[in-house]
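Structure first, commentary second.
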Amino acid sequence: MNNDYVGKKNEEIIKILRKKYNDFIKKYDLYLLMFIGMYDIYINEKNQKLKNSHLDYATFAFKSSIFLRILLQDKSLNKEKSLKFLKKWDSEIITYISDDEVELTSNDALKNYAKDNYDLDTWLKYASNELSLINSEEKFVLTEEIWRDMIIDVENAYNAYVESSESLDLLGSYRKTAKDNSIAALNTSFYAFWLPLVAIIIFGIKFVIELFGDAGIIMNGGWLSFFFFVILLIWVMIGSNGMYCTCSNCHKWNSLQLVSDSVIDSEKYWERKHYMEKNYNNPVHVMVEKSVHEERYVCKHCGNKEIKYRTTKREL
Ligand SMILES: [Zn+2]
């Protein structure tokens with residue numbers, strides 16, 4: 001993605017940004033409706049006027065969320081230059097926010113207003129949820145890459161216009177697409193799960209070898225070896241949990257949050273167990289309860305809802 005704004009004059013920056021942004025919105029406005037869940041209403045609505053007002057609302061709300069985020073991220077030194085940038089880009093939105101009597105220079109006021117009305121993170125979250133499955137070369141299909149590049153384009157225009165030492169960051173953790181997240185999750189699973197797991201297996205093999213031969217580093221290591229073993233065990237457990245809670249939609253590592261856990265099925269039965277007692281094998285029957293849990297998760301990153309089933313077994 002190339003930066004069209006470096007070395008350009010201010011008027012030119014605004015001109016290019018306006019054209020690129022408007023072209024984008026014209027092409028993909030229906031996606032904005034989809035992100036805020038108004039797409040179905042739009043499709044079923046017969047009244048063309050009402051349809052247009054839905055579209056107007058969605059495009060206005062999205063642009064406002066960008067404006068508010070820019071104002072919020074701004075360092076006080078450039079506040080005036082930022083405001084000038086936004087006014088040149090679209091003075092209507094700035095007027096609208098001012099008409100709501102929101103103090104444009106107060107971060108608290110802006111934060112509250114964004115939270116109640118147009119929060120960019122919410123848009124990015126919805127987009128991440130809807131777009132991560134799309135991977136198409138077709139025309140008019142909005143992909144995560146196109147979406148991300150458009151927002152990066154706004155960042156570039158702003159950074160070139162304001163010339164602040166600190167760059168604007170509209171995307172935050174949403175700079176990464178599902179594809180990027182999936183590569184990152186694969187890397188993390190190597191260090192957080194597979195590596196300690198292999199170490200535990202080597203530990204086990206070494207232990208068995210030493211058990212039948214001369215004691216080596218593990219048995220002679222005593223408590224120190226035990227300590228390392230426990231560390232490895234905790235490491236692998238944390239890693240395994242992170243892997244289990246990786247979202248299947250946006251692929252972000254450890255992003256699923258448990259919302260509810262309910263037992264949907266359970267059965268009790270007798271199980272034969274063997275206990276070694278004074279070198280004598282003593283079979284006993286114990287009552288065991290096997291339960292199937294339905295766990296509902298929500299992804300912190302993209303809002304994706306996921307259901308997982310887990311079977312647990314316990315002795316009664
Ligand atoms: Zn997700």
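Maximal additional length on extending the Lys87-Asp40 stretch stands at 13.6 nm, based on 0.36 nm per residue less the C-alpha distance.
With an 8 Å cut-off on Cα pairs and a minimum separation of 6 or more residues, tell me the relative contact order of the chain in percent. Provide the component values of the computation, followed by the final result.
Values: 383 pairs, mean separation 45.2, N = 316.
Relative CO of the chain lands at 14 percent.
The length gained on full extension between Asn220 and Ile146, counted as 0.36 nm times the residue separation minus their Cα-Cα distance, comes to 20.7 nm.
Report, in degrees rounded to the nearest 10, the 0 to 90 angle that the Cα long axis of helix 107-116 makes with the longest principal axis of the chain. Orientation of helix 107-116: about 80 degrees from the principal axis.
For the stretch 1-160, what class follows from the C-alpha gyration tensor (a ≥ b ≥ c being the square roots of its eigenvalues): rounded when a/c is under 1.5, otherwise prolate if a/b is larger than b/c, else oblate? Note, shape of the stretch 1-160 comes out oblate.
Sequence-distant contacts, meaning Cα pairs under 8 Å at least 6 residues apart, place the relative contact order of the stretch 178-254 at 51 percent. Legend note: in the chain, cysteines whose Cβ sits 4.7 Å or more from every other cysteine Cβ are Cys245. Going by a ≥ b ≥ c, the root eigenvalues of the Cα gyration tensor, does the stretch 170-222 fall in the rounded group (a/c under 1.5), the prolate group (a/b larger than b/c) or the oblate group? Prolate shape, in that a/c is at least 1.5 and a/b is the bigger ratio. Fewest neighbouring Cβ atoms within 10 Å first, the residues Arg314, Arg148 line up as Arg314, Arg148. Contact order for the stretch 10-175, expressed relative to its length and based on alpha carbon pairs under 8 Å spaced 6+ residues apart, stands at 29 percent.
Spatial offset of the stretch 1-54 relative to the stretch 162-211 amounts to 36 Å, using the alpha carbon center of each. Under a 5 Å amide H cut-off, with hydrogens placed 1.01 Å from N, Asn254 pairs with Cys245, Thr246, Cys247 among residues at least 5 apart or on other chains.
Taking 7 Å steps out from each Cα toward its Cβ at Val6 and Arg314 produces label points 6.1 nm apart.
Working note: Cα atoms of the chain, range along each principal axis, descending, whole Å: 89, 49, 41. Relative to the longest principal axis of the Cα atoms of the chain, helix 223-244 runs at roughly 40 degrees. Here r is the Cβ-Cβ distance between Asp108 and Phe190 and R0 is 51 Å; the resulting FRET efficiency, rounded to 0.05, is 0.75. Please work out whether the stretch 157-316 counts as rounded, prolate or oblate from its C-alpha gyration tensor, where a ≥ b ≥ c are the square roots of the eigenvalues and a/c under 1.5 means rounded, while otherwise a/b larger than b/c means prolate and anything else oblate? In terms of gyration-tensor shape, oblate. Rg/Rh for the stretch 26-66 (Cα atoms only, Rh after Kirkwood) is 0.95. Using the beta-carbon distance between Ile205 and Ile238 and R0 = 30 Å, what value does 1/(1 + (r/R0)^6) give for FRET efficiency, to the nearest 0.05? According to the calculation, E is roughly 0.80.
Bear in mind these aren't lab numbers, they're just calculated from the coordinates by the rules spelled out. The structure presented is a predicted model; accordingly, all values stated were derived computationally and were not measured. Virtual Cβ from ideal backbone geometry, glycine too; neighbours counted across all protein chains shown.
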